[in-house]
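Input: a single structure, listed below in structure tokens.
Just so you know, all these numbers are worked out from the coordinates, no wet-lab data involved. Keep in mind that what you see is a predicted model, and the values were worked out from it rather than measured. Virtual Cβ from ideal backbone geometry, glycine too; neighbours counted across all protein chains shown.
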Amino acid sequence: MAVPQTRSMGLPLINLLRLKGAPILQQLHLEERLLRTSYDNWCIINDGTTKRTVVMGVSGKAEELLEIDSVLRDEIPVIRRFTGGTVIVDQGTIFVTFVCNKDAFPDLQSYPQPIMSWSSLIYKKVFQGIGDFSLRENDYVLGNRKFGGNAQSITKTRWVHHTSFLWDYEVSNMGYLKLPKRAPDYRQARDHLDFICRMKDHIPRSNFIERTIDAVGSHFVLRSVDPEASQSPLSSKFEPSSRLLKREELEEAIFNSRSRGACAASASQAS
Amino acid sequence: MWASSTANALKISTAASNSAFVISPAFSLSRCFSSVLEGFKYANSHEWVKHDGPVATIGITDHAQDHLGEVVFVELPEAGKPVTQGGSFGSVESVKATSDVNSPISGEVVEVNTKLSETPGLINTSPYEDGWMIKVKPSNPSELESLMGAKEYTKFCEEEDASH
């Protein structure tokens, strides 16, 4: 029986999959399936996504994170994904995802912060000589402005680390997101437009992607694969958990939020 | 422990990180003794199990909660669901990461800690007591023999942290 080759020249092998404009839900389903059913390492780069979409994490509460009335009015899709964090994505978002075996890097502990630190080494190389890049808590920043948000999922033997990079964004999109209750200290209560920045002001789009691939190549041996190679076999029974929220769920979130608000107001009047 | 693992991940060699690496034996012993309880059994994925007659209680260890960070959300199975040794039964969310929690033994879930839905931070503040996650009726109690005892798990944690 042939043993799959997992390392070459002392570096782990990684399958590089380049997508362009793939819908974000399709990307998330792919990531989850590769996490749970593949034994290979993967780097997925999706250059923009076709439709403007809000993505919430596994525990995200729509009524706390989103301006739901506006989201419903403008029919913005809302997805609950298998990792954490909240982001609004569109064609101006570049996605880079790593799906890796724990033993790809035996010296790396598979907990959030070590994986976060490891990933920042790659982007430090990407932005060398280009911008004042650093990792602040869980965000990639240029100066003190966030341009990349991260989230992860960790299993017993593998992990996913995925990043949404703001190459460009529409100012109006930020109006769909509330100021989060939980925010990193360095945000210092800044609203969205004072907190984030556009990568396009620092680096051309194709240049960022090529530099990222080069930087990945310093940690892995790259093997380019066609999208067909990542397709699920017909026999696969895996069911991803990331899903599109129904309109009724968002309407119920508004109703529950208003009910709680009304109860709190009456309790306060009664006392 | 995180500082030393991060320093190693970043391959930094400074005086500061070297001193973080060299933790005095007395400190490491007292740190690990305070975070590992006798009478419990431990999996190499950092879950603990306490077997008490017909029921076994399961949670994640102090080592795990310390490395995960503040737990903000917990997903647990319903009572009646089966669990398999080494298989995932739920997950915790911390710092935008979801992490699987794996069962050290096989059996059937008989009770779930409902307090964790309102107060997931109990896993951080009281990982071995109020932060318990599920209670299981073991289907194969001999599986407990394959798990680590307190001393073995302490050594396992020390070796894991030292190598990262």
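One table, with the values for the structure above:
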read-out: Distance (nanometres) between label positions extended 7 Å along Cα→Cβ at B:SER126 and A:LYS124; value: 4.1
read-out: Rounded, prolate or oblate (a/c below 1.5 giving rounded, otherwise prolate when a/b exceeds b/c) for region A:169-271 by Cα gyration tensor; value: oblate
read-out: Region B:64-164 shape via C-alpha gyration tensor axes, a/c threshold 1.5; value: oblate
read-out: Fully extended contour minus Cα-Cα distance, from A:ARG73 to A:ASP168, at 0.36 nm per residue; value: 31.8 nm
read-out: Spatial separation of Cα centroids for region A:171-205 and region B:131-164, in angstrom; value: 42
read-out: Residue-span extension gain [A:GLU210 to A:LYS156] - 0.36 nm each, minus C-alpha spacing; value: 16.3 nm
read-out: Long-range HN-HN contacts of B:GLY90 with modeled amide H, under 5 Å; value: B:VAL101
read-out: A:LEU11-A:ILE254 FRET efficiency (beta carbon distance; Förster radius 35 Å; 0.05 resolution); value: 0.10
read-out: Rounded Å value of the spacing that divides the Cα centres of region A:42-87 and region B:90-126; value: 25
read-out: Computed lengthening from A:ALA189 to A:THR37, 0.36 nm per intervening residue step minus Cα-Cα distance; value: 50.6 nm
read-out: Over the protein assembly as shown: helical MRE at 222 nm, DSSP H runs n ≥ 4 each giving -39500 (n - 2.57), nearest 500; value: -9000 deg cm²/dmol
read-out: Interatomic Cα distance distribution for region A:1-103, bins of 10 angstrom, percent; value: 14, 39, 28, 14, 5, 1
read-out: Residue among A:ILE24, A:ILE196, A:ILE94 with the largest mean-square fluctuation in a Gaussian network model of chain A, springs linking Cα atoms under 10 Å; value: A:ILE196
read-out: Cα-based equivalent ellipsoid, region A:99-233: semi-axes from gyration tensor eigenvalues, Å; value: 27, 19, 16
read-out: Size of electric dipole in the protein assembly as shown: Cβ of Lys, Arg +1 and of Asp, Glu -1, about Cα centre, debye, nearest 20; value: 820
